[in-house]
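Peer 1: Just passing along the structure, written as structure tokens.
The values are calculated or read from the model by the stated rules, or taken from the named source; none is laboratory data. Only a predicted model underlies this, so the values are computations on that prediction, with no experimental measurement involved. Every residue, glycine as well, gets a Cβ built from its backbone with ideal geometry; the counts of neighbours run over all protein chains shown. Protein only, heavy atoms only, side chains kept; ligands, DNA and RNA dropped before computing areas. Shrake-Rupley method; radii C 1.70, N 1.55, O 1.52, S 1.80 Å.
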Amino acid sequence: RPRPSLPAAVVGAGLGGSAVAYFLQQHFGPQVQLDVYEPVGVGGRLATVTVNKQQYESRGASIHALSLHMQDFVKILGLKHRREVAGKSAIFSGEHFVLEETDWYLLNLFRLWWHYGISFLRLQMWVEEVMEKFMRIYKYQAHGYAFSSLEELLRSLGGDTFVNMTQRSVAESLLEVGVTQRFVDDVIAAVLRSSYGQSVLVPAFAGAMSLAGAQGSTWAVEGGNKLVCSGLLKLTKANVIPARVTGVSLHSSEGRALYQVHYEGSEGQGSAFYDMVVVTTPLHPSRSNFTFENFEPPIADFPGAFQPSVTSVVHGYLNSSYFGFPDPKLFPFASILTTDTPDLFFNAMDNICPVNISAAFRRKQPQEAAVWRVLSQQPLDKQQLKTLFRSYYSVQVTEWQAYPRYDAAKSLPPIVLHENLFYLSSVEWVASSMEMIAVAAKNVALLAYNRWYQDLEKIDQKDLMHKVKTEL
């Protein structure tokens, strides 16, 4: 029989932590008592910086139109979509622009065809096929189905093809469907450098998710995407504890697993006991020194490394002549992607708008001082800043271990670490985006619920599409 209350701990208050807290409460109801541990601040990688009293997204800037969980969160929390401010993109090789967007859709299509033949159509068909199958997850989750491993989740969506897509590169998969090497080198490389800071060797599934975001329409939350995290935690009335979790040790009570969460905060070290724990921060040695005690067999170390990423938010005057436009008034682009060229010291840069956009807001003209977000693998030195900007008022630098180093992954990490101990961040080794994390949060909450009540019919079921159709 269920206990009158279910103490549960969530480690991390980024999107994964706040979403899983919300979904756990949605499924377990008022009996779940949630403690959320967060040492730095709610929002995690969804962070903003302030320039001239205005806030700007420094990371996690855009959300794909097909992100149904994110759409739901915004609706539930009464948040609004931020107004779109149009701007053109281009791909820079270090010497010249290999592809430039215009204001005319048909001219853009003609240019793509002229440069790359029907590669862009083949890419679109490939991405659409992956996304169509991926969207099945929402049906499965609406019917309460969950998966105990990432392989099971992928297999239920796209069979062994999806599982294999985590083991082979996006370049290999695209060349196989008839996309040309030149298109891969120019366009695909530029998109992946901008989203993951990595090359076309990232696995095909992570690549497809990133390319879907680049192709489809995207949106953002008025006031900043991190409002989703603080909103969900407020809604669940979760108890947010400002402390860093250092480890989990296993005990047992009345034949049931009991987890002791060890933490350190401003008042020193402490610990608390829980029936259930969800870890939403990365457990890889390069990211944390998290310990697991008394587990038999022991919880193994997680292989793989993380890709360092640097975001520089620069308020200044663009040096348009570096991009071949001596007259800054004529520079037409708001966003610059780059090809994989050894001498290029940045991955992408864009002229960003504040998180609060008034009806009267207009994007700064290229000759005016604007706020630019520059993504790079190393912090920019003075000479590099001088190359990109004629002069600048301020530079705010955020360094973070952003994404898994996808070429280092040989196998996918587990979701279930022990009976009621779950690892949400493992999903990032399949693909890393806000929606992937929201999908993983829903999956962990359903998995925890189905395991708690021994509803094994709802876990790792085969032929789910058929089952869901008959249920309907």
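A quick yes/no check of all residues on (1) of a type outside the set (S, T, N, Q); (2) surrounded by 23 or more Cβ atoms within 10 Å (Cβ to Cβ):
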| position | (1), (2) |
| --- | --- |
| Glu152 | yes, no |
| Gln181 | no, no |
| Leu192 | yes, yes |
| Phe205 | yes, yes |
| Asn239 | no, no |
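Peer 1: Has region 215-226 got any residue that is basic (Lys, Arg), more than 30 Å from Ile241 (Cβ to Cβ) and open to solvent by 10 Å² or more (accessible area, probe 1.4 Å)?
Peer 2: Initial filter on region 215-226 (basic (Lys, Arg)): 226.
Now narrow it down to the ones that are more than 30 Å from Ile241 (Cβ to Cβ): none.
Checked against the condition, which is being basic (Lys, Arg), more than 30 Å from Ile241 (Cβ to Cβ) and open to solvent by 10 Å² or more (accessible area, probe 1.4 Å), region 215-226 yields no hits at all.
Peer 1: Quick check: is even one residue across region 447-468 open to solvent by less than 70 Å² (accessible area, probe 1.4 Å) and under 22 Å from the mean Cα position of the chain (by Cα)?
Peer 2: Looking through region 447-468, at least one residue is open to solvent by less than 70 Å² (accessible area, probe 1.4 Å) and under 22 Å from the mean Cα position of the chain (by Cα).
Peer 1: Mind checking which residues of region 326-377 are free of Cβ contacts under 8 Å to residues at least 24 places away in the same chain and more than 29 Å from the chain's Cα centre (by Cα)?
Peer 2: Within region 326-377, Pro326, Asp327, Ala360 qualify.
Peer 1: With region 358-472 as the region, which strands (runs of 3 or more DSSP E) entirely inside it contain at least 1 residues that are more than 30 Å from His251 (Cα to Cα)? Reasoning before the result, please.
Peer 2: On the way: elements: 370-376, 389-404, 416-418, 421-423.
By residue number, 370-376, 389-404.
Peer 1: Hey, another quick one. Considering only region 364-382, I want to know if a residue exists there that is modelled with pLDDT under 95, of a type outside the set (D, E, K, R) and touching a Cys at 6+ places or on another chain (Cβ under 9 Å).
Peer 2: Checked region 364-382: no residue is modelled with pLDDT under 95, of a type outside the set (D, E, K, R) and touching a Cys at 6+ places or on another chain (Cβ under 9 Å).
Peer 1: Here's another thing I want to ask about it. Tell me, which strands (runs of 3 or more DSSP E) lie completely within region 212-322 with 2 or more residues that are farther than 30 Å from Gln33 by Cβ?
Peer 2: Values: elements: 239-241, 243-253, 256-265, 268-274, 276-279, 291-293, 306-318.
Passing ranges, in order: 306-318.
Peer 1: Conditions first: (1) touching a Phe, Trp or Tyr at 6+ places or on another chain (Cβ under 9 Å); (2) free of Cβ contacts under 8 Å to residues at least 12 places away in the same chain; (3) of a type in the set (Ser, Thr, Tyr). Thr470 passes all but one, so which condition is the exception?
Peer 2: With (1) touching a Phe, Trp or Tyr at 6+ places or on another chain (Cβ under 9 Å); (2) free of Cβ contacts under 8 Å to residues at least 12 places away in the same chain; (3) of a type in the set (Ser, Thr, Tyr) applied to Thr470, the lone miss is (1).
Peer 1: Which of the residues belonging to region 162-172 are surrounded by 20 or more Cβ atoms within 10 Å (Cβ to Cβ) and in a helix (DSSP H, G or I)?
Peer 2: Matches in region 162-172: Phe162, Val170, Ala171.
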